[in-house]
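Before any comments, here is the structure.
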């Protein structure tokens, strides 16, 4: 926990010195939830109730006691606290979307001045192998599947515990696309987002502050 405490010390110090209400992007997932709760407690103890922009109903409910929940009605966010499914130590590429919130996570990452990503050691690998999530509108199912296959990917429709298609909070489906070790993921991503019906894919290439906890 020492690594987490040190990271939170730095983030807390920066937010306290803003001399206004901090605006924080709330990433989704268990790790993000744990970090956001701790950060919220620290700020609340200093009589600061930060504005939080959630990326999922799950994170909204879990941190409701510590943040003033808001839609992203801002031109910027001070910081994003998030997790990741996998990060490459070789090129810094990040796979996100395992929880299905990749579109909203992309939006808060784009809005944020700083991005702090918290992961366990096992999620840091040299070469990415985690399937690439691709969110798309259901009407485009066959088109997206065919185009992903044409790119050399192997799309598998994400399903829930009952075997039905997993539905994102945006009302869409997700393909989890596997790839070979020789796949140029950056190039693949650029082609994927051109496919009609695709909202986004879970390859994130950003400058981040990485915290392994």
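Scanning the stretch 62-92 for residues that are touching a strand residue (DSSP E or B) at 6+ places or on another chain (Cβ under 8 Å), surrounded by fewer than 19 Cβ atoms within 10 Å (Cβ to Cβ) and in contact (Cβ under 8 Å) with a residue 60 or more places away in the chain turns up nothing. Checking each residue in the stretch 96-107 for being in contact (Cβ under 8 Å) with a residue 60 or more places away in the chain, outside any loop (DSSP other than H, G, I, E, B) and surrounded by fewer than 24 Cβ atoms within 10 Å (Cβ to Cβ) picks out 103, 104, 106. Pairing each residue of the stretch 38-51 that is assigned by TED's automatic domain parsing to the domain that holds residue 6 and touching a residue at least 60 places away in the same chain (Cβ under 8 Å) with any residue that is part of a helix (DSSP H, G or I) and surrounded by fewer than 16 Cβ atoms within 10 Å (Cβ to Cβ), provided the two are 6+ apart or on different chains, yields no C-beta distance under 8 Å. Scanning the stretch 22-61 for residues that are surrounded by fewer than 22 Cβ atoms within 10 Å (Cβ to Cβ) and either on the phi > 0 side of the Ramachandran plot or out of contact with any helix residue (DSSP H, G or I) (no Cβ under 8 Å at 6 or more places or on another chain) (or both) returns 30, 31, 34, 41, 44, 45, 47, 51, 57, 60, 61.
For the stretch 148-155, state whether one or more residues are touching a residue at least 12 places away in the same chain (Cβ under 8 Å), under 26 Å from residue 15 (Cα atoms) and buried (at least 20 other Cβ atoms within 10 Å of the Cβ).
Within the stretch 148-155, the subset touching a residue at least 12 places away in the same chain (Cβ under 8 Å) is 148, 151-155.
So of that shortlist, the ones also under 26 Å from residue 15 (Cα atoms) come out as none.
Among the residues of the stretch 148-155, not one is touching a residue at least 12 places away in the same chain (Cβ under 8 Å), under 26 Å from residue 15 (Cα atoms) and buried (at least 20 other Cβ atoms within 10 Å of the Cβ), which makes the answer no.
Is it fair to say residue 29 is at pLDDT below 95, closer than 21 Å to residue 128 by Cβ and within 12 Å of the chain's Cα centre (by Cα)? Yes: the conditions hold for residue 29. Taking the criterion of being closer than 16 Å to residue 96 by Cβ and free of Cβ contacts under 8 Å to residues at least 40 places away in the same chain, would at least one residue in the stretch 195-210 satisfy it? The answer is no, given that none of the residues of the stretch 195-210 is closer than 16 Å to residue 96 by Cβ and free of Cβ contacts under 8 Å to residues at least 40 places away in the same chain. Confirm whether residue 172 is touching a strand residue (DSSP E or B) at 6+ places or on another chain (Cβ under 7 Å), in contact (Cβ under 8 Å) with a residue 12 or more places away in the chain, surrounded by 13 or more Cβ atoms within 10 Å (Cβ to Cβ) and more than 17 Å from residue 97 (Cα to Cα). Answer is no for this residue.
Listed here are the strands (runs of 3 or more DSSP E) enclosed by the stretch 109-213 that have at least 1 residues being at pLDDT 95 or above and more than 18 Å from the chain's Cα centre (by Cα): 154-157, 173-178.
The values are calculated or read from the model by the stated rules, or taken from the named source; none is laboratory data. Since the model is a prediction, treat every value here as computed from it, not as a measurement. Methodologically, a virtual Cβ is constructed for each residue, glycine included, from the backbone with ideal geometry; neighbour enumeration extends over all protein chains shown.
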